[in-house]
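*Asks:* Sharing a structure with you now.
No value in this document is a laboratory result; all are computed from the given coordinates. The shown structure was predicted, so the numbers you read here are calculated from the model rather than taken from an experiment. Please note: Cβ atoms are built from the backbone with ideal geometry, for glycine as well, and neighbour counts cover all protein chains shown.
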Amino acid sequence: MILIDDDALLLKALSRAILHIDFECELKAVNNPLEFAACVEELGEPDIIFSDLVMPECSGLEVLEQARIICPTALRCLLSGEVATDFSMQVDNLAHFYLAKPFTKAQLVDVINASKLLPLLGLTLEERSELGQLTKLPVLPETLIDTLRLLRLSPPLLEQAADLISLNPPLAAKLIQISNSAMLGFASPVHSVQQAVFRLGSEFTEAILTCFEIEKIGNQRISPKQLFEINNKAMKNSISEVSWASSRFGKTRY
């Protein structure tokens, strides 16, 4: 993980915050953005790049543009005091995450968790590189992000997550439909979002929600065939995981 900020105090504060979340992560703090490329050459490609936006030698946008080319598999996170509501959309071709200062611990956790989930998608290095060099990145709506946070807690707050999902009827219907799929091997059907969430569990529910939203976004950005292949691959991986868990640990009461 590489952190870039010309303010040494803020750089130390960010380093402490990240290590408090994940004390095993390897950090490299850089207070001169012009040293970024040399740092990557020395240490190799990082999992995450955090970069401040406003720096005298080189802007954060220039750093992330460079990172998009030399570190295509790394998650790119832009940090800024900019509060314009449309600013995140202006940089979404460079940054996977945009954190407006002062950002919260939960927002940092989201970034770190995302880097840990990426290897579980089963993507090849070439596929990861292609995704990292996209000129347009999908942005998940805030309501979905709130739902994912509830699912990622330990233990996950499944009932509260189900309540938020229920506010989106098409998504709720899709979740119930999948939870009743014959591929999962459950004998009895479920009829509510809460039952579906408890049956599927937090990780599988998260995979379905993300695929559903990405499909909506992707319809406007990539071909239907490519979108189908991406979603089909992700869904197959998720179904195999939940089927394995069901056979190993038994069915839920739903």
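*Asks:* Once you have the Cα-Cα distance between Leu131 and Phe23, take 0.36 nm times their residue separation minus that, and quote the gain in nm to one decimal. Walk me through the intermediate numbers first.
*Replies:* On the way: separation 108, 0.36 × 108 = 38.88 nm, distance 2.82 nm.
Stretched out fully, the Leu131 to Phe23 stretch lengthens by 36.1 nm.
*Asks:* Using a 10 Å cut-off on Cβ atoms, rank the peptides 21-34, 2-15 from the highest mean neighbour count down.
*Replies:* Working: 21-34: 14.4, 2-15: 17.4.
Going from most to least packed, we get 2-15, 21-34.
*Asks:* Just report the Cα centroid separation between the stretch 168-201 and the stretch 2-61, whole Å.
*Replies:* The distance from the Cα centre of the stretch 168-201 to that of the stretch 2-61 comes to 42 Å.
*Asks:* If Lys and Arg each add +1 and Asp and Glu each add -1, what is the summed charge of the other residues whose beta carbon sits under 11 Å from the beta carbon of Leu150? If you can, show how the numbers build up before the last one.
*Replies:* Working: positive: Arg149, Arg152; negative: Asp146, Glu159, Asp163, Glu206.
Charge balance near Leu150 sits at -2.
*Asks:* Which of rounded, prolate or oblate describes the stretch 2-49 when judged by the alpha-carbon gyration tensor and an a/c cut-off of 1.5? If you can, show how the numbers build up before the last one.
*Replies:* On the way: a/c = 3.01, a/b = 1.22, b/c = 2.48.
Oblate shape, in that a/c is at least 1.5 and b/c is the bigger or equal ratio.
*Asks:* Same structure, new question: Starting from the Cα gyration tensor of the stretch 1-86, take the square roots of the eigenvalues, sort them a ≥ b ≥ c, and report rounded, prolate or oblate (rounded when a/c is under 1.5, otherwise prolate if a/b is larger than b/c, else oblate). Show your work: numbers first, answer last.
*Replies:* Numbers: a/c = 1.39, a/b = 1.06, b/c = 1.31.
Cα axes put the stretch 1-86 in the rounded bin.
*Asks:* Residue by residue through the stretch 188-194, which ³J(HN,Hα) values in whole Hz follow from phi under the Karplus form 6.51 cos²θ - 1.76 cosθ + 1.60 (θ = phi - 60°), with glycine and proline marked x?
*Replies:* Once rounded to whole Hz, the list reads 9, x, 10, 10, 10, 5, 4.
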